[in-house]
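This report refers to the structure that appears directly beneath it.
The values are calculated or read from the model by the stated rules, or taken from the named source; none is laboratory data. The shown structure was predicted, so the numbers you read here are calculated from the model rather than taken from an experiment. Methodologically, a virtual Cβ is constructed for each residue, glycine included, from the backbone with ideal geometry; neighbour enumeration extends over all protein chains shown. These area figures cover heavy atoms from the full protein model, side chains too; ligands, DNA and RNA do not enter into them. Shrake-Rupley method; radii C 1.70, N 1.55, O 1.52, S 1.80 Å.
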Amino acid sequence: MIPAEIRKFYRMAEEAAAFFKAHLMGRSRVRIITHVDADGIAAAGVLARCLHAYDVPFHIRFTSPLKPAEIMELGNEGYDLFIFVDQGSGQISAIEKFLLEKGCDVLILDHHPSELPKHRNLSYLNPHACGLNGAKDVSAAGVVYSLVERVDASFTRLIGHAITGAIGDRQEFYSGFAGVNETLLKRAIDLGLLCTRTGLKLIGRWLPIAECLAMSIRPYLHGLSYELGACRSLIEELKIPPETTLEELDETSEEKLRDAIIARMGATAACESFRRTLWGTIYRMTREVVGPPNVHEQVAVLDACGKLGKPQVGFALTVGDRTMLPEAMETLRTYQEKMREALSWFAANLTSFKTTQQMHYVLTSEKVDESLLGEALALAMESGIVPTDRPVIGMVEVDATELKVSARATPDLAMRGVNVGQAIAKAAKTVGGEGGGHDVSAAARIPRDRVKEFITKLDQSLAEGDVDEPSAASTIGV
Ligand code: C5P
């Protein structure tokens, strides 16, 4: 029996699809604003395929959530329909003021929390409106997919992209997927569009194993990542022929390799998130795709393209443009190198982290690019580099006046009442900045000279949540 919340979500998807269909049949020109991460790019790919199939002209912008002034500018553009993907819920006041009040049609396909108003020009699909949680039950790609499959059943072939978005937004938990994601995964497997197996969740499974290990940032393998010589010796010790790839290893040999990697990791291996990031379910698209069929690898490519300012390259792959593949793979390599620098910085500077009652926080060096900061924190937590007993906050200077803040919490903390999205929005507002996000992942921009006040306020805001007391001992630092 499908839970009532999911049934409500699908009912709302029907309504949103009907609103959208009216624009597919006429002469509408569509403006899409989507988020610049793996989920936002995957979601845009699904939407673009649908619009293309109906010959509807559209223009896509990849961006972090738009500021009110930018939404005001949109109001001066001559589009018939504005679609906000993976954003829009948090920007609803500006959307109301600058688009809806001008008579523009708006469709919001988002999974960020917010209360959305009733308006005859507005349609939306958002899991939070159905009693679901957008941080775990469905990603933006799943939201968009749920709409387009109701436009035309032939789009069912795109279902795998919903899983790409969900994995991109870290919605795969130790227990698997939940909510809408769980139903989509089951259907994708039943339809033969996705297959799964258990193994090392590393990307580059088609490379010689030493190279695959050496490029790993998720998880970061201390002593192996970016240490090709050490990786080669490990493979030699295990008597695996040097050119063998992970795809070619039999199950027992892959388990032996996993155990050997874990044995090398020392204390890190005790960290459950590290072990779960290293080993588990691998998802593979069975239909021909441009780029890697391994979903974790697709996510890495899209993330790399988004974070390095080339979202259009990742998007090109999602819509089947093979000519962009070399640039996408090159972007992935550059991204991994930058991320390795960021992770090594975290590993070498644990003493720079401060611990308060509710959180760990750090002001990072310029080695950690502001666009990579949030993902670098998430990878550091998954890789067992920084402890996960409380939320981890990173801050980096954007310029002389502004700081970018990223916050990450584990699903376990969220289950205990932590909501970094709410806390960061409140704290940022108090100091004249702005921010928001999900319970487990959020960001803000704040004035640099009010950082102390921000930290105090953030600590208080986190304490106001329902969280159980974190253990008193700080686990950061030597
Ligand atoms: O930049 P970072 O990766 O740390 O962002 C984390 C999350 O915070 C993203 O999902 C982003 O959409 C969300 N966010 C938001 N509102 C903001 C800033 C960030 O919802 N004002």
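Below are the figures for this structure:
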{"read-out": "Inter-centroid distance (Cα atoms) of region 414-437 relative to region 140-163, Å", "value": "31 Å"}
{"read-out": "Accessible area, probe 1.4 Å, largest first, for residues Cys50, Cys195", "value": "Cys195, Cys50"}
{"read-out": "For region 138-233, convex hull of alpha carbons as volume per residue, Å³", "value": "111 Å³"}
{"read-out": "Positive-end extreme of charge dipole, the chain - chosen from Thr334, Phe62, Gly374 (charges on Cβ)", "value": "Phe62"}
{"read-out": "Candidate lysines for bridging to Lys307, where Cα separation is under 25 Å - those fewer than 8 sequence places away on the same chain excluded", "value": "Lys67, Lys136, Lys201, Lys338, Lys367, Lys404"}
{"read-out": "The chain: relative contact order in percent, alpha carbon pairs under 8 Å with at least 6 residues between", "value": "12 percent"}
{"read-out": "For region 198-340, with +1 on Lys and Arg beta carbons and -1 on Asp and Glu, the positive-most of Ile217, Gly306, Met265 along the dipole", "value": "Gly306"}
{"read-out": "Neighbour count of at most 14 Cβ within 10 Å plus DSSP loop: longest GluC sites (Glu not before Pro)-free window in the chain", "value": "116-242"}
{"read-out": "Per residue solvent-accessible surface (Å²) - region 4-193, probe of 1.4 Å", "value": "39 Å²"}
{"read-out": "Region 271-326 and region 23-91: distance between their alpha carbon centers, rounded to Å", "value": "22 Å"}
{"read-out": "Whole-percent carbon and sulfur share, accessible surface of region 4-193, 1.4 Å", "value": "49 percent"}
{"read-out": "Loop-exposed trypsin sites (Lys or Arg not before Pro) per DSSP, neighbour cap 13 Cβ within 10 angstrom, longest uninterrupted part of the chain", "value": "288-478"}
{"read-out": "Size-normalised alpha-carbon gyration radius of the chain, reference 2.2 N^0.38 Å", "value": "0.96"}
{"read-out": "Summed side-chain charge close to Gly75 - residues other than Gly75 whose Cβ falls under 14 Å, Lys, Arg +1, Asp, Glu -1", "value": "-3"}
{"read-out": "Average accessible area per residue (Å²) across region 349-464 - probe 1.4 Å, nucleic acids and ligands excluded", "value": "40 Å²"}
{"read-out": "Helical mean residue ellipticity (222 nm; -39500 (n - 2.57) per DSSP H run of 4+; nearest 500) of the chain", "value": "-13000 deg cm²/dmol"}
{"read-out": "Partner aspartates and glutamates for Lys426 [C-alpha distance under 14 Å; skip if fewer than 8 residues away on the same chain]", "value": "Glu434, Asp439, Glu453, Asp459, Glu464"}
